[in-house]
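Beneath this line is the structure, given in structure tokens, with notes to follow.
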Amino acid sequence: MRTSFFNVETISSNKLKTSLSDAMYHIFLFEGIGKICVDFVQYDFSGKTVFFCSPFQNIQLESADSFPVEMLSFHGDFYCIEFHKKEVACNGLLFNNIYLFPHFTLDEQTFGEISDYFAKISNINPREEFSGAVLRSWLQLILAICSKVKVQYLPSEQFVQSDLNELKDFQNLVDQHFLSEKGPAFYAGLLNLSPNALSKKIKSQFNKTPSRIIQERVILEAKKQIHLTRKSMKEIAAELNFEDEFYFSKYFKKHTGVSPTQFREETGISIVADLYK
């Protein structure tokens, strides 16, 4: 039995200067200036900020000053974001989207509202009757509020307007072909661009290379298959077009820090694996 499925604590930003990577979903709430490093990709932040990460993403926070960080952590066994996607559409918006920024700024009122929910959660005795239902309802409210705010950012910040069509086409092509085509030259050819031109466009918008995005898309699909199904690692490796289970395991560990087997052991198998057979 895992020792903690749901937790809220306040830590120093200095604690996040050492990389964090575990089986939990995390929501960080803080005010400051610096950089967030997610799987070695940097994002600038300034002001009142909320930041989301998924299991076994490598997280670091870099800042000149120390400041308090409120951290809410929950395990997929406590709250399955895939199972609850009709109630709170946060999977692919707040979590598990390789194209979207993982953080955004909040106005003072919304920041205070979320902080209040964090405080309420920290004061709940998890052993009390109905505490689990109360905690899930407050978590849902936090996710719903943040989803509503993040949607407002998408039209203006997701794309540079002049490159809108090419960027959307690149996303669509990666989603269509990532299982069989893992090299950026293939996508550059379909877009009638040189690999160098494609790299510059993608890097300027997403702060990632095309190769990195393709790798992240493969890993995201692998995580889904490991967590949301009961397929064997051999079956998953075959579906992702890896030569064999060993090569798949090596590739997965290189990009996540853990083997596929350990990822399944730590994150568990989601309830949806049995509900949607």
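The values are calculated or read from the model by the stated rules, or taken from the named source; none is laboratory data. Predicted model only: the values in this text are computed from it and were never measured. Note that each Cβ is placed from the backbone with ideal geometry, even for glycine, and that neighbours are counted across all protein chains shown.
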Subset of region 224-251 (residues that are within 21 Å of the chain's Cα centre (by Cα), more than 10 Å from Ala273 (Cα to Cα) and not in a helix (DSSP H, G or I)): Leu240
Selection status of Lys201, of a type in the set (Lys, Arg), surrounded by 17 or more Cβ atoms within 10 Å (Cβ to Cβ), part of a loop (DSSP other than H, G, I, E, B) and touching a residue at least 24 places away in the same chain (Cβ under 8 Å): no
Residue that is over 19 Å from the mean Cα position of the chain (by Cα), of a type outside the set (Gly, Ala, Ser) and buried (at least 18 other Cβ atoms within 10 Å of the Cβ), where the choices are Phe74, Phe111, Phe104, Phe78: Phe111
Any hit, region 186-197, residues being outside the structural domain of Cys80 (by TED's automatic domain parsing), within 23 Å of the chain's Cα centre (by Cα) and surrounded by 15 or more Cβ atoms within 10 Å (Cβ to Cβ): no
Candidate set from region 183-209 (those that are of a type in the set (A, V, I, L, M, F, W, C) and out of contact with any Ser or Thr (no Cβ under 7 Å at 6 or more places or on another chain)); member that is farthest from Asn172 (Cα to Cα): Ala197
Positions within region 218-277 being among the small types (Gly, Ala, Ser), over 15 Å from Ser54 (Cβ atoms) and in contact (Cβ under 8 Å) with a residue 40 or more places away in the chain, in sequence order: Ala273
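Output the strands (runs of 3 or more DSSP E) that fall wholly within region 33-145 and possess 3 or more residues being closer than 18 Å to Asn7 by Cα and either outside the structural domain of Ala222 (by TED's automatic domain parsing) or at pLDDT below 95 (or both), or say none.
Values: elements: 41-53, 59-62, 68-74, 103-105.
Of the strands (runs of 3 or more DSSP E) lying wholly inside region 33-145, those with at least 3 residues that are closer than 18 Å to Asn7 by Cα and either outside the structural domain of Ala222 (by TED's automatic domain parsing) or at pLDDT below 95 (or both) span 41-53, 68-74.
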In region 204-246, residue farthest from Tyr99 (Cα to Cα) [restricted to those that are among the aliphatic types (A, V, I, L, M) and surrounded by fewer than 18 Cβ atoms within 10 Å (Cβ to Cβ)]: Ala238
Considering residues of region 146-160 that are β-branched (Val, Ile, Thr) and either surrounded by 13 or more Cβ atoms within 10 Å (Cβ to Cβ) or assigned to a helix (DSSP H, G or I) (or both) only, the residue modelled with the lowest pLDDT: Val151
